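Presented below is the structure to which this report refers.
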């Protein structure tokens, strides 16, 4: 229950933050009535994300065991790619996302159909987070065999808390540090994506498509077992394994180190213009 709660809380806060920025700006320019179009875009994005989640779940349940393992690996790989792209995007856009959203709103006002434009702005912003959430949840749940109805309650609970955070940000969010928020959540995403890749490799082995580097790299089952509370939490969020293989460790490092370097470059402050370079 805690894992889906944390997933939906993090993803929901990002979506709520975007909606809060839009709502605050509309209030600032005296166009609060335009929020109706924004909510239509948000509802459409939520509906699309839910439909994709249902379609993935139904498709996976009808596959034979071997194809289910392949499907699990494919979802994990695709989710890792998408999460990485999102992290790098957040790193670059963190310092300008508020200005970009404001510019998008002004462009919508200048267009002949501002309602459609505002709905589209909200739709694409929230759909990006919603689809990411679906892939994240599916990949995390596929790594666990004990998912029950409590997981659904956890996801809904995380979303409810995220909505509350969004309301609080709308009422007093001008002091919210967007750059810091996106920087730390981006780093969190990189850890998650690395775990998803390791889990995808594990699924490929179970499907019989990968049999290399299957020796145990290290064994932490006595110190931090995955059937304990902390181990289960780490497994659900970061793909932690208490006895990973050399292949999983190698893939984790081969992804995380370059991804971290790219992310640090994306989040690095821009060099000042017009100042001499001291050698």
| Using a Förster distance of 41 Å, how high is the FRET efficiency between residue 167 and residue 254, based on the Cβ-Cβ distance and rounded to 0.05? | 0.45
| note | Taking 160-168, 215-223, 120-128 and ranking on average Cβ neighbours within 10 Å, highest first, one gets 120-128, 160-168, 215-223
| Gain upon complete extension [residue 109, residue 67; 0.36 nm per residue less C-alpha separation] | 10.2 nm
| Peptides 246-253, 200-207, 81-88, 29-36: what's the order by average Cβ count within 10 Å, highest mean first? | 200-207, 81-88, 246-253, 29-36
| remark: Rounded to one decimal in nm, the spacing of the 7 Å Cα→Cβ label points at residue 39 and residue 160 is 2.0 nm
| query | Using 1/(1 + (r/R0)^6) with R0 = 30 angstrom and r between the beta carbons of residue 246 and residue 54, what's the FRET efficiency to the nearest 0.05? | reply | 0.20
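The numbers here are math on the coordinates, done by the rules we state, and not lab data. Bear in mind that the values here come from a model prediction, so they are computed numbers and not experimental data. No Cβ is skipped: glycine too gets one built from the backbone with ideal geometry, and neighbour counts run over all protein chains shown.
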